[in-house]
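Below is one structure; the comments refer to it alone.
The values are calculated or read from the model by the stated rules, or taken from the named source; none is laboratory data. The shown structure was predicted, so the numbers you read here are calculated from the model rather than taken from an experiment. Here the Cβ positions follow ideal geometry from the backbone for every residue, glycine too, while neighbour counts run over all protein chains shown. When the accessible area is computed, the model is the full protein with side chains, heavy atoms only, and any ligands, DNA or RNA have been set aside. Shrake-Rupley method; radii C 1.70, N 1.55, O 1.52, S 1.80 Å.
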Amino acid sequence: MSRKRGRLYGIGLGPGDPELLTLKGARILREVDLVYAPQARTSGESYALRIAREFIDPDRQEIIRLFFPTNDEKAAGEVWSNAADELAGKLRKGLNAAFITEGDPSIYSTFSYVMESLSAKHPELQVEIIPGVTSVTAAAAAARAPLVTHGQNLAILPAAYGFDRLMNAIDSNDTVVLMKVNRALVQALSVLEQSGLGRKSVYVKRASTDREEIVHDLDQLAKEDLDYFSLLIIRSGQ
């Protein structure tokens, strides 16, 4: 008699406040046998694991950290491919596993790489995505800044987006959200100020956490040490 296979759950934990984890996400997180937590090699602790701690029983569940490099795409790809193979072995033994990720698993998430590798190499195994509250919506809520209203459009861009393409996106959309704002974007923020768009922009750092910060003055922002878990909401259609 063949053993029943387990299932992999990609669970979105939300932006940082554990209370923003969905009821379904919390239930499944408590039920699984294994919890996979991605962690940058340069980080002291997994941010996702920090959010999920209160929902995990370390005496009953195994926590597996997946360390990945942030500046080596090829090496990171090998990490996710190896993780998919390891997961496949666990699932075939009948164990259920959760891959936890801050925000939502479908938006700039490391889970996407693992899921794609698992689906390509082990298509017979089951994967389920549990959506989470995104940092985009959490930041908009914190800043009381509606993203779009009826008939408007929204663009969500990565931090690596080029300056010229950024300006084109601002011209083409009512709202643009820049994810993971960093020092490389200081020049772009200055351009926005000079174009007069800064008055309609808001910077939000670590939305929903006790370190949350909201800045409306982009001149002030340019002098700050910008945070990895931050974003910029640019309203250009008002």
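Quick notes on this one:
- In this simple spin-label approximation, H216 and Q152 carry label points 7 Å from Cα along the Cα→Cβ vector, and these lie 1.5 nm apart.
- Under 28 Å of direct C-alpha separation, and excluding same-chain neighbours fewer than eight residues apart, K74 reaches these lysines: K90, K121, K180.
- Around D72: net Lys/Arg minus Asp/Glu count, Cβ-Cβ under 15 Å: 0
- Sparse packing (at most 13 other Cβ atoms within 10 Å of the Cβ) combined with a DSSP loop state is found for the following GluC sites (Glu not before Pro) in the stretch 1-46: E45.
- Only the Cβ atoms of Lys and Arg (+1) and of Asp and Glu (-1) were treated as charged; on that basis the dipole of the stretch 1-151 about its Cα centre amounts to roughly 420 debye.
- Angle between the chain longest axis and helix 163-172 axis [Cα atoms, degrees, rounded to 10]: 80 degrees
- Less than 5 angstrom separates the built amide H of L66 from those of A37, Q39, all sequence-distant by 5 or more or on a different chain.
- When Rg and the Kirkwood Rh are both derived from Cα coordinates, the Rg/Rh ratio for the chain amounts to 1.02.
- For the stretch 64-162, taking Cα atoms only, Rg and Dmax work out to 16.7, 50 Å respectively.
- Fraction of accessible area attributable to carbon and sulfur, the chain (%, probe 1.4 Å): 48 percent
- Of the beta bridges in the chain, as assigned by DSSP with both residues counted there, near 35 percent are antiparallel.
- The Cβ shell under 11 Å around Q152 holds other residues with a net charge of 0, Lys and Arg each +1, Asp and Glu each -1.
- In the context of the full set of protein chains, residues of the chain present 52 Å² of accessible surface per residue (probe radius 1.4 Å, heavy atoms only).
- Calculated mean residue ellipticity, 222 nm, the chain: -9500 deg cm²/dmol, from DSSP H runs (n ≥ 4) at -39500 (n - 2.57) each, averaged per residue and rounded to 500.
- Charge dipole of the chain about the Cα centre (unit charges at C-beta), most positive-ward option of S106, Q61, L13: Q61
- The chain: angle of helix 73-92 to the longest principal axis, Cα-based, in degrees nearest 10: 40 degrees
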